[in-house]
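Accompanying notes for the structure given below.
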Amino acid sequence: MSTREPNRQKVAIITGSSSGIGYATSLMLARNGFYTYATARDIKKSASLQSTADAERLPLKLIQLDVTDDRSVKGAVEKIVSEKGRIDVLVNNAGYGLFGAFEDLSVDEIKAQFETNFFGVVRVTQHVLPIMRNGMGGGIIVNVSSVNGHVPFPVISAYVASKFALEGLSESIAYELEPFGIKVILIEPGAIGSGFMKGSVMSNRALDPKSAYFEFVRKVRSKISSDHENATQPEEVAKTIVQAILSDKPEFRYVVGSDAVTLMQARKNMPYSDFQHMIQKIVQ
Ligand SMILES: NC(=O)c1ccc[n+]([C@@H]2O[C@H](COP(=O)([O-])OP(=O)(O)OC[C@H]3O[C@@H](n4cnc5c(N)ncnc54)[C@H](OP(=O)(O)O)[C@@H]3O)[C@@H](O)[C@H]2O)c1
């Protein structure tokens, strides 16, 4: 990570640290010397993160931050600024998956999906940017997207849409931030063995056996669930994130997991009709 103040300890903030990728990345950042503000909407859930960090004497502090709550985001950023006066790294990681066929999703359910996965990133980044910009040392914003930021999939259309939106936002703001020495990085994991399936939300109407899509959703969800068993571990994603942050010349996007690499290549190289056929076969 380039900087004009090489000797000062870098300060990182990460959202969604209570489990999975956020948990692993928080520890890895702290183990690499970053003063790490590991945030979670319910810090009681992160007791083991704090105790692991304390046992290893890592520079990690747990603070409350709900990405859907303006006051919570503002309070967390103000706390960091009052304690450290700077933020060098922001990892926008918090997110969840909404399951259900599109016709069954309520507008409120779709809005809630975007409120976390998209507007959560907007909210935290807009609070952090003035601090990062005024820190004079530049900075890095890592947005945890997904293979589904490029690859569509049935039954998770709102999730896919939120990640497509995140990709567009990240690509666009990178141009605005580059003159201030602030880099934007996208992380695009495939299936990761995290708390993702447990933390996912089923649309209310999708739970109704009378739904026209009931069997299809059940089948696709169970396929996605089985992909998450024996999947790439969150530590792999954490390693990619930390290596990117430490790199002098990071890539703009990092695909994590062989499943993600295969799907991305197919999306890029196959004629769209062949690609559609491939996805149809996966969910049959
Ligand atoms: N697992 C995968 O297969 C996969 C693949 C591609 C991309 N991703 C992305 O990776 C990111 C991390 O997910 P994960 O796989 O590590 O799943 P996870 O283990 O379920 O972790 C998700 C984290 O986000 C937090 N979160 C959810 N809503 C929040 C809110 N309003 N405010 C603050 N934190 C909130 C959760 O907190 P609680 O514990 O309080 O719920 C949890 O700490 C997500 O953006 C996800 O879309 C995951």
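Given the -39500 (n - 2.57) contribution per DSSP H run of 4+ residues, what per-residue ellipticity at 222 nm results for the chain, rounded to the nearest 500 deg cm²/dmol?
Dividing the helical sum by the residues of the chain leaves -15500 deg cm²/dmol.
Among the listed pairs K79/K223; K44/K111; K111/K268; K45/K239; K61/K268, give every one whose C-alpha distance is greater than 31 Å.
K79/K223; K61/K268
When the dipole is taken about the Cα centre of the range 58-116, and only Lys, Arg (+1) and Asp, Glu (-1) are charged at their Cβ, what size is it in debye, to the nearest 20?
So the dipole magnitude of the range 58-116 works out to roughly 540 debye.
Where in the chain is the longest stretch that carries no GluC sites (Glu not before Pro) classed as loop by DSSP and with at most 16 other Cβ atoms within 10 Å?
The segment 57-228 is the longest one with no such site.
Quote the Stokes-Einstein diffusion coefficient, in whole µm² s⁻¹, for the range 73-168, based on the Kirkwood radius over alpha carbon pairs, a temperature of 25 °C and a viscosity of 0.890 mPa s.
D, rounded to a whole number, is 169 µm²/s.
Can you list residues from other chains, or at least 5 along the same chain, whose modelled amide H is less than 5 Å from the amide H of T36?
HN-HN under 5 Å from T36: A12, L60, K61.
Calculate one ³J(HN,Hα) per residue across the range 194-203 by plugging θ = phi - 60° into the Karplus curve 6.51 cos²θ - 1.76 cosθ + 1.60, and present them in order as whole Hz with x for glycine and proline.
My calculation for the range 194-203 gives 10, x, 4, 5, 5, x, 6, 10, 8, 4 Hz in order.
Which residue, A238, L29, I279, has the largest displacement toward the positive end of the dipole of the chain when charges sit on each Cβ (Lys, Arg +1; Asp, Glu -1)?
Result: L29, furthest along the dipole toward the positive end.
Under a 1.4 Å probe, what is the accessible area of the chain per residue, stated in Å²?
With all protein chains present, the chain gives 48 Å² per residue.
Please give the charge dipole size of the range 1-105, origin at the Cα centre, charges +1 on K and R Cβ atoms and -1 on D and E Cβ atoms. Round to the nearest 20 debye.
Taking the Cα centre of the range 1-105 as origin, the dipole is about 560 debye.
Carbon-plus-sulfur fraction of the accessible area of the chain, 1.4 Å probe, in percent?
Answer for the chain is 52 percent, counting heavy atoms of protein chains only.
Skipping prolines and chain starts, which residues have an amide H placed within reach, meaning under 5 Å, of the one on I182, given they are 5 or more residues away or on another chain?
Those lying under 5 Å, H to H, from I182 are G139.
So if each residue of separation counts as 0.36 nm, and I subtract the Cα-Cα distance between K44 and Q233, what length gain in nm does that give?
The span from K44 to Q233 would gain 65.7 nm if fully extended.
Which value, in Å³ per residue, describes the convex hull spanned by the Cα atoms of the range 140-284?
125 Å³
Magnitude of the Cβ-charge dipole of the range 122-268, K/R +1 and D/E -1, about the Cα centre, nearest 20 debye?
Magnitude of the dipole: close to 440 debye.
If I model the range 1-117 as equal point scatterers sitting on the Cα atoms and use the Debye formula, what is log10 I(q)/I(0) at q = 0.12, 0.14, 0.20 Å⁻¹?
-0.47, -0.61, -1.06
Sequence gap at least 6, Cα distance under 8 Å: using those rules, report the relative contact order of the range 58-141 to the nearest whole percent.
41 percent
Probe radius 1.4 Å, ligands and nucleic acids left out: which of L263, L60 has the largest accessible area, and how do the rest follow?
L263, L60
Tell me whether the chain comes out rounded, prolate or oblate; compute the Cα gyration tensor, take square roots of the eigenvalues as a ≥ b ≥ c, and use a/c under 1.5 as the rounded threshold.
Prolate shape, in that a/c is at least 1.5 and a/b is the bigger ratio.
The values are calculated or read from the model by the stated rules, or taken from the named source; none is laboratory data. None of the values given here were measured: they were computed from a predicted structure. FYI the Cβ positions are ideal-geometry reconstructions off the backbone, even for glycines, and counts take in every protein chain you see. Note: accessible area is taken over every heavy atom of the protein model, side chains too, but ligands, DNA and RNA are not part of it. Shrake-Rupley method; radii C 1.70, N 1.55, O 1.52, S 1.80 Å.
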